[in-house]
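Visitor: Here it is: the structure, laid out below.
The values are calculated or read from the model by the stated rules, or taken from the named source; none is laboratory data. Please read all numbers here as calculations on a predicted model, not as lab measurements. Every residue, glycine among them, receives a Cβ derived from its backbone with ideal geometry; neighbour counts consider all protein chains shown. The area values use the complete protein model at the heavy-atom level, side chains included, leaving out ligands, DNA and RNA. Shrake-Rupley method; radii C 1.70, N 1.55, O 1.52, S 1.80 Å.
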Amino acid sequence: MTRPALPPARLAGADILRIGAVGLRARRARVVLSALGIAIGIATMVAVVGLSTSSRADLMGRLDRLGTNLLTAEGGKDALGQEVKLPKNAEAMVERIGPVQRATAIGQVDARIRRSDVVPEDQPAGVTVQAARTDLLTTLNARTSNGRWFDRATERLPVTVLGAVAAERLGITEPGGKIMMNNRYVVVIGILHPVELVPNLDRVALVGFPAAEEYLGFDGHPTTVFERSPDASVEDVRAVLARTVMPGNEGSVKVSRPSDALAAKAAADQGLTSLMLGLGAVALLVGGVGVANTMVISVLERRQEIGLRRALGATKGAIRLQFVTESLLLSALGGVTGAALGAAATATFAMAQDWQVVIPLWSLGGGMAATLLIGILAGLYPAIRASGLHPTVALHAT
């Protein structure tokens, strides 16, 4: 009487995971080194995405705070290459444009600055002088870090407000000090916080328009006009600003939008992020090759174990599943470690830069998905090779 064939043994999911984990625990040093390659690739990708996103979030926050509706009009050069001066009433003309909410100006003053009268005149401090209106800070969304800004009284007095860099160059740390403009001492009444939209103001000493005219020989012609208008009207104002400032000679007026520089920086950061992601992908690929190499060596070393399992009834599918599971566990170990390292690096650096910490969930999910894909691909060939070993040949292998 013929006995019925026994069905092949099947392993439960928990048993498969346990068998796969046993294979990894038996070769811990090799597992750590192989997982490290995966971890480096995932950590690089998560950190690059996280730092780029955090940086852009901080930049966009600064743009929202500073506003993107500021336009500037500056005098350029005429056909003969001579500097063009803006009209004295340029601000009033700009204010006549319907959507314009605020307009103000600064003007270049021909004055030499020294720390004191003992400093030779041929050794200037590297700081220029600009005349400014009292509403300049309001228009630029700027502020003083120490002291105060001009008012209707102080704009007529021989006093100055220094930009952040100018104060550092002159060795001024607080209001009340004196510096020399030409041959006259002026009192420092304030120091500006860095002006992000107009960084040139960080390197100047500002005086009021009336004081500049009375004490420094300023001719009253503004060098740059700043205006703010609603966001929806910025392009319309931009189109008419030059010919409003200089009717009939608008070609000599340069109109710009300071926030465009910050927006361009965000775009440049995004391009750099793509490059760094490519490098992270290469590191991940190298890690995957390391996992595949580890699994191939594991198959060669464990031929007797494979032969014994096959002789005891394990099917080819069970052998394949065992080695693919080992590869997946090895890759997942590196992926989890790499994601944690990347997130920690992002948080640490972002907090050090005083940025908002932003780690997109898709970067973590995408990293783990890439890890599992690498695990499957890296373990597939060794698994097929292991399942193809004949039990008799495998058991006699040395």
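Visitor: Open to solvent by less than 50 Å² (accessible area, probe 1.4 Å) and aliphatic (A, V, I, L, M): which single residue out of A350, A340 fits that description?
Guide: Of A350, A340, the one residue that is open to solvent by less than 50 Å² (accessible area, probe 1.4 Å) and aliphatic (A, V, I, L, M) is A350.
Visitor: If Q108 passes every condition in (1) open to solvent by 80 Å² or more (accessible area, probe 1.4 Å); (2) modelled with pLDDT of 90 or more; (3) in contact with an Asp or Glu (Cβ under 8 Å, 6 or more places away or on another chain) but one, which one does it miss?
Guide: Unmet for Q108, out of (1) open to solvent by 80 Å² or more (accessible area, probe 1.4 Å); (2) modelled with pLDDT of 90 or more; (3) in contact with an Asp or Glu (Cβ under 8 Å, 6 or more places away or on another chain): (3).
Visitor: Say whether the condition of being touching a residue at least 24 places away in the same chain (Cβ under 8 Å), within 38 Å of the chain's Cα centre (by Cα) and under 25 Å from E227 (Cα atoms) is met by at least one residue in segment 115-123.
Guide: The answer is no, given that none of the residues of segment 115-123 is touching a residue at least 24 places away in the same chain (Cβ under 8 Å), within 38 Å of the chain's Cα centre (by Cα) and under 25 Å from E227 (Cα atoms).
Visitor: Taking the condition of being out of contact with any helix residue (DSSP H, G or I) (no Cβ under 6 Å at 6 or more places or on another chain) and modelled with pLDDT under 75, how many residues in segment 34-79 meet it?
Guide: 9
Visitor: Identify, please: which residue in segment 170-200 is in contact with a helix residue (DSSP H, G or I) (Cβ under 8 Å, 6 or more places away or on another chain) and within 24 Å of P258 (Cβ to Cβ) and is, among those, surrounded by the most Cβ atoms within 10 Å (Cβ to Cβ)?
Guide: Top of the filtered list is L192.
Visitor: Same structure, new question: Take the residues in segment 158-169 that are outside any helix (DSSP H, G or I) and touching a helix residue (DSSP H, G or I) at 6+ places or on another chain (Cβ under 6 Å), then tell me which one is nearest to V195 (Cα to Cα).
Guide: This residue is G163.
Visitor: For segment 88-98, name all the residues that are in a loop (DSSP other than H, G, I, E, B) and either among the small types (G, A, S) or surrounded by fewer than 16 Cβ atoms within 10 Å (Cβ to Cβ) (or both).
Guide: Residues satisfying the conditions are K88, N89, R96, G98.
Visitor: Among residues belonging to segment 224-275 that are in a helix (DSSP H, G or I), at pLDDT 70 or above and among the hydrophobic types (A, V, I, L, M, F, W, C), point out the one that is farthest from R133 (Cα to Cα).
Guide: So, considering only residues that are in a helix (DSSP H, G or I), at pLDDT 70 or above and among the hydrophobic types (A, V, I, L, M, F, W, C), the one farthest from R133 (Cα to Cα) is A232.
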